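Okay, so here's the structure we're looking at.
Every number in this text was worked out from the coordinates using simple rules, so none of it is lab data. As the structure is a computational prediction, the values presented were derived from the model and not from experiment. A quick note on method: Cβ atoms are made from the backbone with ideal geometry, for glycine too, and the neighbour counts reach across all protein chains shown.
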Amino acid sequence: MVTEEKKSEIKGKVAEGKILTRVIIEIVGKPKEHIEKALKIVVEKIKEEKDIQIVEEKVFDAEKQEEMFSTFAELGILFKNMQTLVGFCFDFMPSSIEILDPEKLSFDSNQFAGLINDLLTKLHQMTFRVIQNDAEKKALKKNMLNMLKNTVMILLNIKSMQLEQISKSSGINEKDLKPLLDSMVKENIINLKEEIYSLKK
């Protein structure tokens, strides 16, 4: 609960140009203990942010939602300026944000251009991360596929086998293994005759 003295102090900071907001940070997942711990870590990380001051904090226990759990924190936050607020939104992805004070915000053209440029920079950074993650994912997938092919080739170099035998020896379930073997047959890496796979000579 914010005291009258604290409210007066907040009003003074808003008068100096700071922005008072109500922010909801939500985490969904499982198990329950994990997401509650994760939320506490996020709130602590917010407290460490420069130009951000938490003036009120309410953290709610996780509740079950179908197969997952959901927990959230309701925070009263003072931001130094709109740039800091926009940066916070990109860094912490709040579920919702409400500007409580001041009622109206005004910018000169240079400030507004700066805000837009900051926004664009954040968007470009996020796009780059997505592209980078996608490239890494594709590389990992390619490497994993090559490892699986090598595993099959090593096994078939020892002896010809049926699908079930390859599955048991490699630890890959038959459902996932069959498409890989089919592609290796098409690529002319292995042979399939009477349900027995063998290495291409």
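Quick look at the values:
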read-out: Neighbour-count ranking [beta-carbon atoms within 10 angstrom, fewest first] of Arg22, Arg129; value: Arg129, Arg22
read-out: Exposure proxy order (Cβ contacts within 10 Å, fewest to most) of Ser169, Ser96; value: Ser96, Ser169
read-out: Over 31 Å between alpha carbons, listed pairs Lys58/Lys141; Lys30/Lys138; Lys6/Lys45; Lys141/Lys193; Lys6/Lys40; Lys64/Lys149; value: Lys58/Lys141; Lys64/Lys149
read-out: Fraction in percent of alpha-carbon pairs per bin - 10 Å, the stretch 4-100; value: 16, 46, 27, 10, 1
read-out: Gyration tensor (Cα) of the stretch 43-201, equivalent ellipsoid semi-axes in angstrom; value: 57, 21, 11
read-out: Share of Cα-Cα pairs in the stretch 149-201 lying beyond 15 Å, as whole percent; value: 33 percent
read-out: Unit charges on C-beta of K, R, D, E only; dipole of the stretch 131-199, Debye; value: 160 debye
read-out: Longest to shortest principal axis, alpha-carbon extents of the stretch 67-133, angstrom; value: 48, 34, 15
read-out: Rounded if a/c under 1.5, otherwise prolate or oblate - the stretch 101-163, Cα gyration tensor axes; value: prolate
